[in-house]
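Report on the following structure.
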Amino acid sequence: MARLVPLDLANLTPEQKEVADAIVSGPRGGLRGPFDAWLRSPVLADRAQKVGEFCRFSSSLPKHLSEFAIILTGKHWKAQYEFFAHARMAIEAGLPRETVEAVRTGTVPVLRDDAERAVYAFVTEYFATNRVSDGTYQAALATLGGERGVVDLVGIVGYYGLVSMTLNVFDVGLPDGEPLPLA
């Protein structure tokens, strides 16, 4: 059960309404996931949604690699909603269904190329050790577009860590009838 009563969109403060309108009129088109919780702090909601819009829609990483990083992050934090929402998006972006399923079940996926291997190694190594080795860092630099690609990858993982924590703390549930994807 969710810990927060959903906000009444007809009774938002002017600050909340301004941020909600920006989210709804942007590329997301709706207030799903962490946004209901974040709107309780409109300045945080505004700043976070702008970072998220960049991470999801404007990063230098190809969409399938961005979504790969997002589902790895959701899996790490056991964020059911996050994984549920982005598993579908990862497949739509071209990540193989088998790769998504391997992440979901915690097995090592068969990866198609150096860029997928770099994202997987970078994200999983960081979550396991809170660091990235020189070799992993160099592989990411070489395959993800240099420093910009690595910075964008760090931004994606960091932003979706915030999203995952928000979803978990406030117990944001899946749509009715949907099974939990993560064990």
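Key figures
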item	result
Lys17 being more than 21 Å from Ser164 (Cβ to Cβ), surrounded by fewer than 16 Cβ atoms within 10 Å (Cβ to Cβ) and among the basic types (Lys, Arg)	yes
Scope region 90-136; condition free of Cβ contacts under 8 Å to residues at least 60 places away in the same chain, in a helix (DSSP H, G or I) and charged (D, E, K, R); matching residues	Glu92, Arg97, Glu98, Glu101, Asp114, Glu116, Arg117, Glu125, Asp134
Residues of region 59-105 satisfying the condition of being within 16 Å of Gly161 (Cβ to Cβ) and either of a type in the set (Lys, Arg) or out of contact with any helix residue (DSSP H, G or I) (no Cβ under 8 Å at 6 or more places or on another chain) (or both)	Lys75, Lys78, Ala85
Of the criteria (1) at positive phi; (2) crowded, with 18+ Cβ neighbours inside 10 Å, which one Gly146 fails	(2)
Some residue of region 16-26 being more than 30 Å from Leu111 (Cα to Cα), part of a loop (DSSP other than H, G, I, E, B), basic (Lys, Arg) and more than 12 Å from the chain's Cα centre (by Cα)	no
Residue among Ala22, Ala69 that alone is crowded, with 21+ Cβ neighbours inside 10 Å and small (Gly, Ala, Ser)	Ala69
Residues located in region 31-49, provided they are under 13 Å from Asp21 (Cα atoms) and either free of Cβ contacts under 8 Å to residues at least 24 places away in the same chain or not in a loop (DSSP other than H, G, I, E, B) (or both)	Leu31, Phe35, Asp36, Pro42, Ala45, Asp46, Gln49
Cβ pairs under 9 Å, 6+ apart, first in region 169-183 and touching a residue at least 12 places away in the same chain (Cβ under 8 Å) and assigned to a helix (DSSP H, G or I), second surrounded by 10 or more Cβ atoms within 10 Å (Cβ to Cβ) and not polar (S, T, N, Q)	Val169/Ala37
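Throughout, read-outs are computed from the coordinates displayed, never taken from laboratory work. Treat the numbers as computed from the prediction; the structure is a model and nothing was measured. Glycine also receives a Cβ, built like all others from the backbone with ideal geometry; neighbour counts cover every protein chain displayed.
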